[in-house]
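The values are calculated or read from the model by the stated rules, or taken from the named source; none is laboratory data. These numbers were taken from a predicted model, which means no experiment stands behind them. Cβ atoms come from the backbone with ideal geometry, glycine included; neighbour counts cover every protein chain shown. SASA here: full protein model, heavy atoms, side chains in, ligands and nucleic acids out. Shrake-Rupley method; radii C 1.70, N 1.55, O 1.52, S 1.80 Å.
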Amino acid sequence: MQDTQTAILTDFFSQLSLAPTSALLLDYDGTLAPFQSERNHAYPYAGIVPILESIMHCGKTRVIVITGRPVHEVQTLLDPLKSFEIWGAHGLEHLLVDGTYRQAIIDPNAAMSLVRAEDWLKISGLSSRSEIKPGGIAIHWRGLPDAEIESIRTSTYKSWKTLAEQPGLKLLDFEGGLELRVTHPDKGDAIAEILKNLDGNVKIAFLGDDLTDEDGFRVLNGRGLSVLVRSEYRETKAKVWLKPPHELIDFLKQWLNICSS
């Protein structure tokens, strides 16, 4: 596997060095930043922001963050990085470099079901562990004892499963929680939209860690480089696996060196 990965990366960076422009697509939690029990403290790995800032200043790479977080949270956590594109809430929100903001319309029936899911969390005394965002509601249990995690997961899954069976909604497991959200858009839809507006000669890569990033890997394969960023390997559609933070930072530094040369 290592030899294959090395060959894929060598070939990609060779093509990147010849490309006039490129696009670097990045998930946030678990990719650019380690997971934290306190979500607001999930800051990027040391050195990440300066490298991304330098890549952007080279003027040859379009840097885009594609995340399950709302746009405003990513802006805060990546400060002082400015003027970059963000697809938030799995692609439901879109912030352009010039500050233009767009949000996809949510089906009223799906929106009502999300309100019911939130009401259930309040009744169950779990509001403090909830995250309300455009097009979705998540419950987080990172850092809790295993028995408590299992209890929360079982009861939440049982309550939300019926709602998720309705058209336009889906239930997603992610690292440290469970999310009920609209079926579309997802990260694959966001990447498909990005690809529609890119010339075929633009070299592109997407780095992600979670199961929700698999939609993006699926769409990108055959057109760009898909990279799983994760301490431990799991089955994935991604073509390359990097361990954070060192292998991730080495990848970004190599990208910067090519764009700067």
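One line per residue, one yes/no per condition, for (1) farther than 30 Å from residue 22 by Cβ; (2) in contact with a helix residue (DSSP H, G or I) (Cβ under 7 Å, 6 or more places away or on another chain):
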{"residue": "111", "(1), (2)": "yes, no"}
{"residue": "125", "(1), (2)": "yes, no"}
{"residue": "130", "(1), (2)": "yes, yes"}
{"residue": "135", "(1), (2)": "no, yes"}
{"residue": "143", "(1), (2)": "yes, no"}
{"residue": "158", "(1), (2)": "yes, no"}
{"residue": "165", "(1), (2)": "yes, no"}
{"residue": "186", "(1), (2)": "no, yes"}
{"residue": "201", "(1), (2)": "no, no"}
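Among the residues of the stretch 195-209, those that are touching a residue at least 40 places away in the same chain (Cβ under 8 Å), within 27 Å of residue 104 (Cα to Cα) and open to solvent by 20 Å² or more (accessible area, probe 1.4 Å) comprise 198, 199. Counting the residues of the stretch 99-110 that are closer than 14 Å to residue 184 by Cβ, open to solvent by 10 Å² or more (accessible area, probe 1.4 Å) and not in a loop (DSSP other than H, G, I, E, B) gives 1. Scanning the stretch 119-147 for residues that are in contact with a Lys or Arg (Cβ under 8 Å, 6 or more places away or on another chain) and farther than 30 Å from residue 102 by Cβ yields a total of 1. Per the listing 25, 9, the residue uniquely assigned to a strand (DSSP E or B), closer than 23 Å to residue 244 by Cβ and open to solvent by less than 70 Å² (accessible area, probe 1.4 Å) is 25. Among the residues of the stretch 179-194, write down those that are in contact with a Leu (Cβ under 8 Å, 6 or more places away or on another chain) and open to solvent by less than 30 Å² (accessible area, probe 1.4 Å). 179, 180, 181, 182, 185, 191, 194 - these are the residues of the stretch 179-194 that are in contact with a Leu (Cβ under 8 Å, 6 or more places away or on another chain) and open to solvent by less than 30 Å² (accessible area, probe 1.4 Å). For residue 200, the conditions (1) touching a strand residue (DSSP E or B) at 6+ places or on another chain (Cβ under 9 Å); (2) at negative phi all hold with the exception of (1). Within the stretch 215-257, the residues that satisfy the criterion of being open to solvent by less than 40 Å² (accessible area, probe 1.4 Å), within 17 Å of residue 6 (Cα to Cα) and not hydrophobic (A, V, I, L, M, F, W, C) are 224, 226, 244. The condition (being touching a helix residue (DSSP H, G or I) at 6+ places or on another chain (Cβ under 9 Å), within 27 Å of residue 156 (Cα to Cα) and surrounded by 21 or more Cβ atoms within 10 Å (Cβ to Cβ)) is satisfied by just one residue among 93, 118: 93.
What residue, of 83, 37, 14, 113, is among the hydroxyl-bearing types (Ser, Thr, Tyr), out of contact with any Leu (no Cβ under 8 Å at 6 or more places or on another chain) and at pLDDT 95 or above? Residue meeting the stated conditions: 14. When every residue of the stretch 125-133 is checked against the conditions, at least one turns out to be assigned to a helix (DSSP H, G or I), within 12 Å of residue 178 (Cα to Cα) and open to solvent by less than 80 Å² (accessible area, probe 1.4 Å).
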